[in-house]
Amino acid sequence: MYFGKYFFDIKIYDSYSLKDKRRVAKSIILRLQDKFKLSVCQYDKGEVYNFLKISCAMTTSDYKLIEKIYHETYKFIEENYNVEICYSNYEEY
């Protein structure tokens with residue numbers, strides 16, 4: 001069994017309040033959970049209203065699937081939201 005962790009630092013355009021940030025964060029988290037069956041959480045302090053950090057995790061029996069889902073997740077976030085991914089990384093165990 002293999003374990004993968006994904007990290008995304010996301011700059012949110014058109015976010016002018018913490019309410020806007022929560023709306024975008026909740027949407028991203030729920031859609032990633034539904035589409036890719038990932039465990040997703042937001043782990044930033046919440047003080048900056050246009051910057052978001054999320055982490056995703058998954059387990060699988062196929063080692064190559066971890067990298068494939070990472071790239072699909074990255075592409076999905078950038079194509080479906082008015083955001084820029086400033087930093088991303090994944091780890092495999």
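Bear in mind these aren't lab numbers, they're just calculated from the coordinates by the rules spelled out. Treat the numbers as computed from the prediction; the structure is a model and nothing was measured. All Cβ positions, glycine included, derive from the backbone under ideal geometry; neighbour counts span all protein chains shown.
Worth a mention:
- With at most 16 other Cβ atoms within 10 Å, longest stretch of the chain clear of loop trypsin sites (Lys or Arg not before Pro) (DSSP): 46-93
- Calculated P(r) tail over 16 Å for segment 2-92, as whole % of Cα pairs: 49
- Inter-centroid distance (Cα atoms) of segment 53-93 relative to segment 7-29, Å: 17
- Restriction of the chymotrypsin sites (Phe, Trp or Tyr not before Pro) in segment 1-79 to DSSP coil positions whose beta-carbon has at most 15 other beta-carbons within 10 angstrom yields 13, 16, 43, 49.
- The chain: relative contact order in percent, alpha carbon pairs under 8 Å with at least 6 residues between: 49
- Relative to the longest principal axis of the Cα atoms of the chain, the long axis of helix 18-36 makes an angle of roughly 20 degrees.
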